[in-house]
Amino acid sequence: MNYWLKRHQCLRILVNSITNLVNAFVPSGKIMQMVDQKLPGLIGSLPGPFGEEMRGIADVTGIPLGEIISFNIFYEFFTMCTSIITEDEKGHLLHGRNMDFGIFLGITLMKLWNINNNTWVVTEELKPLTVNLDFQRNNKTVFKATSFAGYVGMLTGFKPGLFSLTLNERFSINGGYLGILEWMFGKKNAQWVGFITRSVLENSTRKAVAMAPSSGSQHPYGTSQPPQLQFFRPYAFLQFYEEAKNTLTKTKIMAPAYFILGGNQSGEGCVITRERKESLDVYELDPKNGRWYVVQTNYDRWKNTLFLDDRRTPAKKCLNDTTQKNLSFATIYDVLSTKPVLNKLTVFTTLMDVTKDQFESHLRDCPDPCIGW
């Protein structure tokens, strides 16, 4: 009972932080009044099961439904992340990410910086809300993910044996606030980015189920593959990755984003740079030409990072120092533990090995001296 009570309390604190942020810009409180009055009436326009799940969270926690919706919306704006996909000399892929959250909440409300232990209050309150999820259908795992209690989208997950997926926020003038406003005023032709990520993880099953097994064709990594996925034709696996990439590239979304997608065969790893209505770039692994990793933070790869927030350069340097032959969960974890890749906003680190069905997440602390973001 105390376990769930603590989560309710943490969720309440985060919702209050969002309310305080909005009220800092509009002190009259009219925006949050509109949230409480208008957003619940729009929940029916959300695709299932997202609306029903938000309603259930509101019922259980006692938090107004409009504020639960706004809590889910704000995940689309405040995630500062680092994602990495690597391929070793044998063609084996690994996918890692740091989940950083709360930068603008903290900067706008400096009281959310705890001067006693040099931490962001929002980041620390998210840690007890962090959950590992195993989504099942007919008692079989559909996908695994690490997320936050109260959030119904997905930012980090993988389908065992098939592909891995992380979502990073992308800063753009044509930002997510425009998509949210369009949605609130009746234009519903775009998907929330956290929802499309979950949908891809949850629903990319049709093609492989339809494929007949081939007794003479085994996956390149042999028995490292989950038993139920052995002996399928190689192109069946390719279709999973390509189907996911096609969906993430072409679907209209409500906020600019980076989708970082990894497969299970050599060369299957990419960063998809998205505007709300189109894809700007698909940057893929190319190990034959020396590109054995991709790194994505929150800035377009062809542009310089913000000078106060350069996580890209140290991440790439650490990977180059690691070398392709020494890639493992341990070395990727070390890369993601290098400051400022690891910083005061980092909530957790996730490591994914699709072909070996390994998925693990670790709550993080960044010992001083450590940059705030």
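The values are calculated or read from the model by the stated rules, or taken from the named source; none is laboratory data. A quick note: this is a predicted structure, and the numbers were derived from the prediction, not measured. Cβ: placed from backbone, ideal geometry, glycine included. Neighbour counts: every protein chain shown. Protein only, heavy atoms only, side chains kept; ligands, DNA and RNA dropped before computing areas. Shrake-Rupley method; radii C 1.70, N 1.55, O 1.52, S 1.80 Å.
What are the pairs, 6+ residues apart or on separate chains, where a residue within the range 286-313 that is assigned to a strand (DSSP E or B) has its Cβ under 6 Å from a residue that is at pLDDT below 95 and loosely packed, with under 12 Cβ neighbours inside 10 Å?
Here the result reads none, with nothing in the range 286-313 linked to a residue that is at pLDDT below 95 and loosely packed, with under 12 Cβ neighbours inside 10 Å.
Since Lys316 meets every condition but one in (1) within 12 Å of Gly96 (Cβ to Cβ); (2) open to solvent by 40 Å² or more (accessible area, probe 1.4 Å), which condition does it not meet?
(1)
Every residue in the range 180-204 that is among the aliphatic types (A, V, I, L, M) and free of Cβ contacts under 8 Å to residues at least 60 places away in the same chain, please.
Leu181, Ile196, Val200
Just checking, does the range 248-258 include any residue being without any contact (Cβ under 8 Å) to a residue 40 or more places away in the chain, surrounded by fewer than 23 Cβ atoms within 10 Å (Cβ to Cβ) and out of contact with any strand residue (DSSP E or B) (no Cβ under 6 Å at 6 or more places or on another chain)?
Yes; the residues of the range 248-258 include at least one that is without any contact (Cβ under 8 Å) to a residue 40 or more places away in the chain, surrounded by fewer than 23 Cβ atoms within 10 Å (Cβ to Cβ) and out of contact with any strand residue (DSSP E or B) (no Cβ under 6 Å at 6 or more places or on another chain).
How many of the residues making up the range 86-127 are in contact with a Cys (Cβ under 8 Å, 6 or more places away or on another chain) and at pLDDT 90 or above?
Result for the range 86-127: 4.
Check the range 271-280 and report whether any residue there is of a type in the set (Lys, Arg), at pLDDT below 95 and either over 18 Å from Thr350 (Cβ atoms) or surrounded by fewer than 14 Cβ atoms within 10 Å (Cβ to Cβ) (or both).
The answer is yes; a qualifying residue exists.
With the requirement that a residue be in contact (Cβ under 8 Å) with a residue 24 or more places away in the chain, of a type in the set (A, V, I, L, M) and either open to solvent by less than 20 Å² (accessible area, probe 1.4 Å) or not in a helix (DSSP H, G or I) (or both), what does the range 161-179 give you?
Leu162, Leu165, Leu167 - these are the residues of the range 161-179 that are in contact (Cβ under 8 Å) with a residue 24 or more places away in the chain, of a type in the set (A, V, I, L, M) and either open to solvent by less than 20 Å² (accessible area, probe 1.4 Å) or not in a helix (DSSP H, G or I) (or both).
Quick one: is Tyr258 of a type in the set (Phe, Trp, Tyr) and at pLDDT below 50?
no
Quick check on my filter: what residues within the range 69-92 are open to solvent by less than 30 Å² (accessible area, probe 1.4 Å) and assigned to a helix (DSSP H, G or I)?
Result: Ile69, Ser70, Phe71, Asn72, Ile73.
Return the only residue of Leu129, Leu178, Leu133 being of a type outside the set (Val, Ile, Thr) and in contact with a helix residue (DSSP H, G or I) (Cβ under 9 Å, 6 or more places away or on another chain).
Leu129
With the structure loaded, tell me whether Thr349 is of a type in the set (Val, Ile, Thr), more than 22 Å from Tyr241 (Cα to Cα) and either buried (at least 17 other Cβ atoms within 10 Å of the Cβ) or at pLDDT 95 or above (or both) or whether it fails that test.
Yes, satisfied.
May I ask you to say which residue of Thr323, Thr349, Thr355, Thr338 is on the phi > 0 side of the Ramachandran plot and β-branched (Val, Ile, Thr)?
Residue meeting the stated conditions: Thr323.
Listed here are the residues, each with its yes/no results for (1) part of a helix (DSSP H, G or I); (2) open to solvent by less than 70 Å² (accessible area, probe 1.4 Å); (3) β-branched (Val, Ile, Thr).
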{"residue": "Ser28", "(1), (2), (3)": "no, no, no"}
{"residue": "Met32", "(1), (2), (3)": "yes, yes, no"}
{"residue": "Leu39", "(1), (2), (3)": "yes, yes, no"}
{"residue": "Gly44", "(1), (2), (3)": "yes, no, no"}
{"residue": "Glu53", "(1), (2), (3)": "yes, yes, no"}
{"residue": "Gly56", "(1), (2), (3)": "yes, yes, no"}
{"residue": "Asp59", "(1), (2), (3)": "yes, no, no"}
{"residue": "Glu67", "(1), (2), (3)": "yes, yes, no"}
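Can you name the residue in the range 352-373 that is open to solvent by less than 30 Å² (accessible area, probe 1.4 Å) and not in a strand (DSSP E or B) and, of all such residues, is modelled with the lowest pLDDT?
Gly372
Given the conditions (1) farther than 21 Å from Phe329 by Cβ; (2) touching a strand residue (DSSP E or B) at 6+ places or on another chain (Cβ under 6 Å); (3) open to solvent by less than 10 Å² (accessible area, probe 1.4 Å), report the number of the one that Phe135 does not fulfil.
Among (1) farther than 21 Å from Phe329 by Cβ; (2) touching a strand residue (DSSP E or B) at 6+ places or on another chain (Cβ under 6 Å); (3) open to solvent by less than 10 Å² (accessible area, probe 1.4 Å), the lone unmet condition for Phe135 is (3).
Evaluate the range 330-343: report whether one residue or more is outside any loop (DSSP other than H, G, I, E, B), of a type in the set (S, T, N, Q) and open to solvent by 60 Å² or more (accessible area, probe 1.4 Å).
no
Identify, please: which residue in the range 146-160 is farther than 19 Å from Thr247 by Cα and open to solvent by less than 10 Å² (accessible area, probe 1.4 Å) and is, among those, modelled with the highest pLDDT?
Across the range 146-160, the extreme among qualifying residues is Thr146.
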